Amino acid sequence: DVKVTQSSRYLVKRTGEKVFLECVQDMDHENMFWYRQDPGLGLRLIYFSYDVKMKEKGDIPEGYSVSREKKERFSLILESASTNQTSMYLCASSPPQGRSPLHFGNGTRLTVT
Amino acid sequence: KQEVTQIPAALSVPEGENLVLNCSFTDSAIYNLQWFRQDPGKGLTSLLLIQSSQREQTSGRLNASLDKSSGRSTLYIAASQPGDSATYLCAVRRTTDSWGKLQFGAGTQVVVTP
């Protein structure tokens, strides 16, 4: 079974802090994704990566950056956390191209105070 | 812009009844459609993936159909159980989008009562 592991289930940070959300997958998938999920807004794609050091912006990249130095690890970075970035963050991975299902981690609930 | 709609937003059924969940999308030029399950406070679990060339997919008690021309997919869950209580989401991948982008519906929250 594919396993996508997000390093923290819950995180509380202060406004202005730099925040790192880590995601690791164990299936050698080329593609990795970061989504955020908010009540009433559903899931929205922040960034995705189709190979090491390759990335593409999703629908809401503002205020975020990503890093993919190794195939199995995809990090989401909040350069200066703000209260409107309080959300559930979900990481996912999949094999190459778009014909296979996405596999999600359990999510990180981030609260910015 | 692709709009993905799931109606109803919430559904409650007694154990043993069949569940019928609907997903509609405005742009029929899709690559594939996926159904997911989400338990409270957790991530999404992939249930079924239907490619645009397929009409349906089955896995155990789950069956998903796809009608591209009418912009609809239906997820059937036979003989529902309390453990089926969760939120079910559908997501489509359009042929005109970057392949990494899925458009999600808001989900249908299902409660199966014993």
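Kindly give Rg over Rh for chain B, based on alpha-carbon atoms, with the Kirkwood expression for the hydrodynamic radius.
With Rg and the Kirkwood Rh in hand, the quotient comes to 0.96.
Counting just the Cα atoms, what span does chain A cover along each of its three principal axes? Round to the nearest Å and put the largest first.
38, 27, 24
Give me a single rounded figure for B:50-56: the average over its residues of other chain Cβ atoms within 10 Å of their Cβ.
Numbers: counts 0, 2, 0, 0, 0, 0, 0.
The shielding value for this peptide is 0.
What residue among B:D27, B:D84, B:D97 shows peak mean-square fluctuation when chain B is described by a Gaussian network model with Cα springs under 10 Å?
Of B:D27, B:D84, B:D97, the most mobile in the Gaussian network model is B:D97.
Applying the Karplus parametrisation 6.51 cos²θ - 1.76 cosθ + 1.60 with θ = phi - 60° to the phi angles of the range A:13-25, what ³J(HN,Hα) value in whole Hz is obtained for each residue in order, glycine and proline being reported as x?
10, 9, 3, x, 6, 8, 10, 10, 10, 10, 9, 10, 10
I'd like the mean, over residues of A:91-99, of how many other protein chain beta carbons sit within 10 Å of each residue's own Cβ.
Whole-number average of other-chain Cβ neighbours for A:91-99 is 3.
In whole Å and largest first, what semi-axes does the C-alpha gyration tensor of the protein assembly as shown yield when each eigenvalue is scaled by 5 and square-rooted?
29, 20, 16
Give me the accessible area buried between chains B and A, both sides summed, with a 1.4 Å probe, in Å² rounded to the nearest 100.
Counting protein atoms only, the buried area is about 1900 Å².
In whole Hz, what ³J(HN,Hα) sequence does the range B:4-10 give by Karplus (6.51, -1.76, 1.60; θ = phi - 60°), x for Gly and Pro?
Rounded to whole hertz, the list is 10, 10, 10, 10, x, 6, 8.
Straight-line reach only, C-alpha to C-alpha below 22 angstrom: list the lysines that A:K3 could link to, leaving out same-chain residues fewer than 8 apart.
The reachable lysines, counting only those whose Cα sits under 22 Å from A:K3, are A:K53, A:K55, A:K70, A:K71, B:K42, B:K101.
For the range A:24-63, list whatever residues lose no less than 20 Å² of accessible surface once every protein chain is in place, relative to that chain by itself, with the probe at 1.4 Å.
Buried by the other chains: A:F33, A:Y35, A:Q37, A:L43, A:L45, A:F48, A:E56, A:D59.
In peptide B:40-48, how many Cβ atoms from other protein chains are near each Cβ within 10 Å, on average?
Numbers: counts 0, 6, 7, 14, 12, 3, 8, 1, 1.
Average per residue, whole number: 6.
So what's the net charge close to A:Y64: Lys and Arg +1, Asp and Glu -1, counting the other residues with Cβ under 15 Å from its Cβ?
0
The values are calculated or read from the model by the stated rules, or taken from the named source; none is laboratory data. Everything numeric in this text was worked out from a predicted model, so none of it was measured. Every residue, glycine among them, receives a Cβ derived from its backbone with ideal geometry; neighbour counts consider all protein chains shown. All accessible areas refer to the heavy atoms of the entire protein, side chains included, with ligands and DNA or RNA removed. Shrake-Rupley method; radii C 1.70, N 1.55, O 1.52, S 1.80 Å.
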